[in-house]
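First up is the structure itself, then whatever we jot down about it.
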Amino acid sequence: MSTKADPDYGDTGSIKEWNLRLFITDWTPRCVVAYKNLNRICSKHLKDMCQIEVVDLLENPEIARREQIVAIPTLMKMSPKPERIMIGDFTDEERVLKTLGIERHRKRTR
Amino acid sequence: MSNTRKLATLTVLEKVPTGIQGLDEITGGGLPKGRPTLIYGSAGSGKTLLGMEFLVRGSTQFNEPGVFMSFEETEKELTTNVSSLGFDLNSLIASDKLAIDHVVIERSEIEETGEYDLEGLFVRLAAAIDSIKAKRVVLDTIEVLYSGLSNTGIIRAELRRLFRWLKDKGVTTIVTGERGGETMLTRHGLEEYVSDCVIFLDNRVTLEQSTRRLRIIKYRGSAHSTNEFPFIIDENGLSILPITSVKLEYPASTERLLTGVKRLDEMLEGKGYLKGSSILVSGMVGTGKTSLAANFVDAGCRRGQRCLYFAFEESARQIIRNMRSIGINLEPWTKKGLLQFDAARVSEMGLEKHLLSVQRTINKFKPELVVVDAITDFNNLDSLQEVRQMVLRLIDFFKIKDITAMCTSMSSRTGLEDTGVGLSSAFDTWIHLTNVQDNLERNRTLVVVKSRGMAHSNQVREFVMSSKGVELLDIYATPAGAFMGTARLAQKAADEAAEIIRHEGMTSRERQITEKRRALEARINAMTAEFEADVKETEMVLGQEKARDRILAASRKALSNHRKADVTADKRNK
């Protein structure tokens, strides 16, 4: 798992099956909660198959415009397809799993 | 001195000019500086264009760069849409005078779980503002957030925070909103957050002509007009039609302008129209309205005044030709550039465009005299009420410009009170022309119904047009009736004949009287003489009597002396 704020997200070195990108505006309490929740869910269900990339928009505001970010925190599932977008602090675990398709994936690999 | 000035700047709400024609006038200087203004209206009412023009004019005219955050149209769509208004957004963006950010929120793509905020929007806005040092911001239409996100509680809280943040940033903001239902101005109650200035845009379609209107619903700390102002969007952007009727502060001139018709001047105190006044010439078809207008213009050009003639019924050539037949040659004036005709079919454009076109032409040509022939041509463009409003605005505009204006009006009925648009009170001078048909001929009459600021004749005059020009004649009024035209001539001849006979009769009777008087005088003289003779005789008789008395007394004394009467006894007797 790595934390990156590179605008080009050139981080494909470690090939993980799950690539998530979390957009934050600095580590506000809500962003911290969101990250912790997400990290917990991923660790629990995806073990080390998951990479969460954190993008701080304050460091590069242009990304917000390019990626059409309005709400914070925003999570983008880059892979596996289909791409999904979630906003919020991910307190509802079931909802997160469902939206990201993790449950389905788990069933399939079982 | 410096103290009072400081006080003034503290209390007066600072405003930012929009540069949009007419808007700064009706808002008394523009939008509240550093504060948000809500512009709402239904779809297609011109909110986006108003917002964009606010930014374009801000950056080009007032050196205030602007950020346009669009929630609906893409940058490309915006650029294309406003290019027809002559705004080149690409070059403004390239020169860092404008930044556009198109915000896309697709609800179907976004899942919500738990709490979030709209900090992403803040980051984008802040970045855009900082990138060009923007002073103006437009959010069009931020209500889209409500359809893109489901947690309205969060949206409301974040909007409140956004507007506070914008105020802190000190940027002058326009927030657009969709017109709401019955309980709210906007669909999602944006007016709750924007309390300084609220403007409503409306687009109504009446008689197949769409009319755009603007109204200031609220402007905290600033006097504003509550009127509805028509506006148009054309190749010059947005234009709000002038203010007018807000204040009646015109220069009131006492200078006079001759009418071009000698007898009409005489009816108006011998001096003609008041400079800067508005004159209504009403009458049915063929009563000579255009001829009177041509005289007005001709007289103006003779004085070297620039004249503008709006002809909605005939072409310039037709008018020049027709007027030549009554001895008025307008052609030299047009060649000299003193007279300009502006002929257009009324149906070519809507009422507002006409009003604006008239104003633009006037601003360009700068005439002292204007003729609108005829204002009633506007009647079929809109409801009578709208036309009335327009004519009022037009008159106000003329007054502000100190233009002496003559408007002709086609009345449909023969009644005097019918001006065609029911606007007589708006005009200073009202001349009514009629056609009177009698004895198989039609004759024209003219009457000055009213003329403010002067004593005017109340007489109806016969209005005669010939190759020699326009003339006013007295109507031949006798106890038997009033006569005009041929009847006037006939009656006059008959009356003159009768007069001669009567005159001759009169002289013979005069002679008799003189004779009688002479006889009477002779008799009086005779009687006076007789009387005087009587008096003399009486006096003579009286004198004789007195003489006899004296003689008698004297003789009595002599007698007593002679008798030697006792003196004392005599004395005692006395």
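The values are calculated or read from the model by the stated rules, or taken from the named source; none is laboratory data. Since the model is a prediction, treat every value here as computed from it, not as a measurement. All Cβ positions, glycine included, derive from the backbone under ideal geometry; neighbour counts span all protein chains shown. Remember, those area values only see protein heavy atoms, side chains included, never the ligands or the DNA or RNA. Shrake-Rupley method; radii C 1.70, N 1.55, O 1.52, S 1.80 Å.
Quick notes on this structure:
- Positions within segment B:189-200 being over 21 Å from residue B:23 (Cα atoms) and surrounded by fewer than 21 Cβ atoms within 10 Å (Cβ to Cβ), in sequence order: B:189, B:192, B:193
- Candidates are the residues of segment B:100-139 that are more than 8 Å from chain A (Cβ to nearest Cβ) and among the charged types (D, E, K, R); the one that is least open to solvent (accessible area, probe 1.4 Å) is B:136.
- Test: residue in segment B:471-482 that is surrounded by 13 or more Cβ atoms within 10 Å (Cβ to Cβ) and within 30 Å of residue B:402 (Cα to Cα): yes
- The condition of being touching a helix residue (DSSP H, G or I) at 6+ places or on another chain (Cβ under 8 Å) and in a loop (DSSP other than H, G, I, E, B) holds for residue B:326.
- Residues that are among the hydrophobic types (A, V, I, L, M, F, W, C) and open to solvent by less than 10 Å² (accessible area, probe 1.4 Å) were ranked within segment B:282-298; the one that is farthest from residue B:446 (Cα to Cα) is B:297.
- Residue match in segment B:488-496 (condition: exposed (fewer than 10 other Cβ atoms within 10 Å of the Cβ) and either farther than 30 Å from residue B:431 by Cβ or free of Cβ contacts under 8 Å to residues at least 12 places away in the same chain (or both)): yes
- Options B:371, B:358, B:391; residue that is under 19 Å from residue B:305 (Cα atoms) and assigned to a helix (DSSP H, G or I): B:358
- Entry remark, segment B:61-71: residues being surrounded by fewer than 16 Cβ atoms within 10 Å (Cβ to Cβ) and either assigned to a strand (DSSP E or B) or in contact with a helix residue (DSSP H, G or I) (Cβ under 9 Å, 6 or more places away or on another chain) (or both) number 0 in total.
- Given (1) touching a His at 6+ places or on another chain (Cβ under 9 Å); (2) at negative phi; (3) not acidic (Asp, Glu), number of the condition residue B:326 does not satisfy: (1)
- Unmet requirement for residue B:396, which otherwise passes all of (1) modelled with pLDDT of 85 or more; (2) out of contact with any helix residue (DSSP H, G or I) (no Cβ under 6 Å at 6 or more places or on another chain): (1)
- Residue match in segment B:144-161 (condition: polar (S, T, N, Q), within 14 Å of chain A (Cβ to nearest Cβ), open to solvent by 40 Å² or more (accessible area, probe 1.4 Å) and farther than 22 Å from residue A:95 by Cβ): no
- Counted residues, segment B:173-184 - those being in contact (Cβ under 8 Å) with a residue 24 or more places away in the chain and over 21 Å from residue B:70 (Cα atoms): 0
- Check on residue B:89, of a type outside the set (S, T, N, Q), more than 14 Å from chain A (Cβ to nearest Cβ) and farther than 19 Å from residue B:167 by Cα: yes
- Condition broken by residue B:31, with the remaining ones in (1) within 14 Å of another protein chain (Cβ to nearest Cβ); (2) over 23 Å from residue A:60 (Cα atoms) satisfied: (1)
- The listed residue being at pLDDT 85 or above and not polar (S, T, N, Q), out of B:240, B:217: B:217
- Residues that are among the hydroxyl-bearing types (Ser, Thr, Tyr), farther than 11 Å from residue B:110 by Cα and at the interface with chain B (Cβ under 9 Å from one of its Cβ atoms) within segment A:55-96 comprise just one, A:91.
- From B:275, B:271, residue being modelled with pLDDT of 85 or more and surrounded by 16 or more Cβ atoms within 10 Å (Cβ to Cβ): B:275
- Considering segment B:329-341, the residues that are open to solvent by 40 Å² or more (accessible area, probe 1.4 Å) and outside any helix (DSSP H, G or I) include one that is nearest to residue B:241 (Cα to Cα), namely B:340.
- The residue that is nearest to residue B:467 (Cα to Cα), among those in segment B:263-317 that are without any contact (Cβ under 8 Å) to a residue 60 or more places away in the chain and not small (Gly, Ala, Ser), is B:298.
- Segment B:426-476 holds strands (runs of 3 or more DSSP E) entirely within its bounds, and those carrying 2 or more residues that are without any contact (Cβ under 8 Å) to a residue 60 or more places away in the chain map to B:429-438, B:441-451, B:461-466.
- Of all positions in segment A:30-51, none carries a residue that is over 11 Å from the mean Cα position of the chain (by Cα), facing chain B (nearest Cβ under 9 Å), at pLDDT 90 or above and part of a loop (DSSP other than H, G, I, E, B).
Per-residue answers, yes or no, for (1) small (Gly, Ala, Ser); (2) in contact with a Phe, Trp or Tyr (Cβ under 8 Å, 6 or more places away or on another chain); (3) free of Cβ contacts under 8 Å to residues at least 24 places away in the same chain:
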site	(1), (2), (3)
B:36	no, yes, no
B:43	yes, no, no
B:46	yes, yes, no
B:59	yes, no, no
B:78	no, yes, no
B:89	no, no, no
B:124	no, no, no
B:129	no, no, no
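- None of B:308, B:268, B:264, B:351 is hydrophobic (A, V, I, L, M, F, W, C) and within 15 Å of residue B:369 (Cα to Cα) except B:308.
- Meets criteria (out of contact with any Phe, Trp or Tyr (no Cβ under 9 Å at 6 or more places or on another chain), modelled with pLDDT of 90 or more and open to solvent by 50 Å² or more (accessible area, probe 1.4 Å)) for residue B:313: no
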